[in-house]
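What follows is one structure encoded as structure tokens, with my remarks underneath.
Throughout, read-outs are computed from the coordinates displayed, never taken from laboratory work. As the structure is a prediction and not an experimental result, all values here were calculated from the model. Here the Cβ positions follow ideal geometry from the backbone for every residue, glycine too, while neighbour counts run over all protein chains shown.
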Amino acid sequence: AQSVTQPDIHITVSEGASLELRCNYSYGATPYLFWYVQSPGQGLQLLLKYFSGDTLVQGIKGFEAEFKRSQSSFNLRKPSVHWSDAAEYFCAVGVIVTGGGNKLTFGTGTQLKVEL
Amino acid sequence: GAVVSQHPSWVICKSGTSVKIECRSLDFQATTMFWYRQFPKQSLMLMATSNEGSKATYEQGVEKDKFLINHASLTLSTLTVTSAHPEDSSFYICSARDPRNRIPEAFFGQGTRLTVV
């Protein structure tokens with residue numbers, strides 16, 4: 001069975017500083033990987049996804065992530081954080097099931113706080 | 001991208017009553033949909049896989065008699081929380097994938113915040 005680990009429960013960065021959120025996954029085959037962001041009381045917004053090809057993927061809001069098979073990692077990065085980036089971030093691995101659906105397993109999430 | 005609509009966005013109900021949450025794929029047909037639950041300040045946990053025309057597949061520890069799932073058509077799955085209790089208060093969210101799209105991206109509904117009083 002697949003699993004996702006986000007080692008950092010909370011991270012605090014200063015506005016304008018760079019950010020890296022860690023994600024490690026466990027899955028036997030080539031994974032489908034995702035990063036989602038969730039603001040308080042809100043639903044999920046997809047930041048970026050990896051299915052195949054270029055291991056460095058660009059997402060919305062200036063985020064990027066790099067898939068490293070050798071390290072089973074898919075870390076999320078942003079060169080300069082904005083105060084509006086404060087939110088909960090979830091990494092997820094997806095598996096295609098019978099019927100074609102994409103079943104996701106989420107990490108425990110990382111709460112990002114941005115200091116002004 | 002594909003659109004998944006979930007209704008209601010929030011609901012408050014009394015203990016002992018039942019609540020139905022709908023998840024619709026608006027511009028595609030989905031034979032499979034997924035239901036997740038998120039307790040406050042926690043991650044999202046898969047509850048069950050909803051299969052059109054057949055029984056849902058529940059994750060370990062999820063009571064199938066309490067969380068009734070019906071996938072009666074290719075565009076609608078419903079989750080009914082029966083005899084709700086305060087501990088069922090949570091954020092429920094569904095997802096589906098457009099099978100016509102080679103890229104297996106999951107699209108989420110807006111989520112439903114259930115409060116049982």
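Restricting the range B:50-71 to residues that are of a type in the set (V, I, T) and in a strand (DSSP E or B), which is farthest from the chain's Cα centre (by Cα)? The residue in question is B:T57.
All conditions in (1) over 20 Å from A:L44 (Cβ atoms); (2) in contact with a strand residue (DSSP E or B) (Cβ under 9 Å, 6 or more places away or on another chain); (3) not charged (D, E, K, R) hold for B:Q60, with the sole exception of (2). For the range B:28-49, which positions are in contact (Cβ under 8 Å) with a residue 60 or more places away in the chain, in a loop (DSSP other than H, G, I, E, B) and either exposed (fewer than 14 other Cβ atoms within 10 Å of the Cβ) or facing chain A (nearest Cβ under 9 Å) (or both)? Matches in the range B:28-49: B:Q29, B:A30, B:T31. Where strands (runs of 3 or more DSSP E) sit wholly within the range A:1-97, those with at least 3 residues that are in contact (Cβ under 8 Å) with a residue 60 or more places away in the chain and more than 22 Å from B:F91 (Cβ to Cβ) occupy A:10-14. Listed conditions (1) within 13 Å of chain B (Cβ to nearest Cβ); (2) surrounded by fewer than 21 Cβ atoms within 10 Å (Cβ to Cβ); (3) not aliphatic (A, V, I, L, M) are all met by A:Y36, apart from (2).
State which residue is nearest to the other protein chains (Cβ to nearest Cβ) when the search covers only the range B:69-113 and only residues that are among the aliphatic types (A, V, I, L, M) and surrounded by fewer than 19 Cβ atoms within 10 Å (Cβ to Cβ).
Within the range B:69-113, the first condition is being among the aliphatic types (A, V, I, L, M), and the residues that meet it are B:69, B:72, B:74, B:76, B:79, B:81, B:84, B:93, B:96, B:103, B:106.
Still in the list and also surrounded by fewer than 19 Cβ atoms within 10 Å (Cβ to Cβ): B:72, B:74, B:76, B:103.
Numbers: B:A72: 15, B:L74: 11, B:L76: 15, B:I103: 6 Å.
Once the filter is applied, the top-ranked residue is B:I103.
For the structure I just gave you, tell me whether A:S72 is among the hydroxyl-bearing types (S, T, Y) and at positive phi. So A:S72 passes the test. Is at least one residue of the range B:2-24 under 19 Å from B:K66 (Cβ atoms), in contact with a His (Cβ under 9 Å, 6 or more places away or on another chain), within 11 Å of another protein chain (Cβ to nearest Cβ) and not polar (S, T, N, Q)? Within the range B:2-24, none of the residues are under 19 Å from B:K66 (Cβ atoms), in contact with a His (Cβ under 9 Å, 6 or more places away or on another chain), within 11 Å of another protein chain (Cβ to nearest Cβ) and not polar (S, T, N, Q). Taking the numbered list (1) within 14 Å of chain A (Cβ to nearest Cβ); (2) surrounded by fewer than 15 Cβ atoms within 10 Å (Cβ to Cβ); (3) aliphatic (A, V, I, L, M) in turn, B:V117 passes all entries but (1).
Got at least one residue in the range A:55-70 being crowded, with 16+ Cβ neighbours inside 10 Å, under 14 Å from the mean Cα position of the chain (by Cα) and over 18 Å from A:L19 (Cα atoms)? No: zero hits.
Condition first: among the small types (G, A, S) and either out of contact with any strand residue (DSSP E or B) (no Cβ under 9 Å at 6 or more places or on another chain) or at the interface with another protein chain (Cβ under 7 Å from one of its Cβ atoms) (or both). Now tell me which residues in the range A:91-116 satisfy that. Write out each step before concluding.
Within the range A:91-116, the subset among the small types (G, A, S) is A:92, A:94, A:99-101, A:107, A:109.
The answer is A:G94, A:G99, A:G100, A:G101, A:G107, A:G109.
Restricting to the range B:100-117, and then to whatever is touching a residue at least 12 places away in the same chain (Cβ under 8 Å) and over 15 Å from the mean Cα position of the chain (by Cα), can you tell me which residue is farthest from B:T31 (Cα to Cα)? Write out each step before concluding.
Here is the first cut: in the range B:100-117, the residues touching a residue at least 12 places away in the same chain (Cβ under 8 Å) are B:100-101, B:105-117.
Going one step further and asking which of them are over 15 Å from the mean Cα position of the chain (by Cα), we end up with B:100-101, B:105, B:115-117.
Numbers: B:R100: 12, B:N101: 14, B:E105: 15, B:T115: 29, B:V116: 31, B:V117: 34 Å.
Out of the qualifying residues, it is B:V117.
Scanning the range A:19-26 finds no residues that are surrounded by fewer than 18 Cβ atoms within 10 Å (Cβ to Cβ), within 14 Å of another protein chain (Cβ to nearest Cβ) and more than 30 Å from B:W10 (Cα to Cα).
Restricting the search to the range A:71-116, which residues are aromatic (F, W, Y) and crowded, with 17+ Cβ neighbours inside 10 Å?
Residues of the range A:71-116 aromatic (F, W, Y): A:74, A:83, A:89-90, A:106.
Those that are aromatic (F, W, Y) and crowded, with 17+ Cβ neighbours inside 10 Å: A:F74, A:Y89, A:F90, A:F106.
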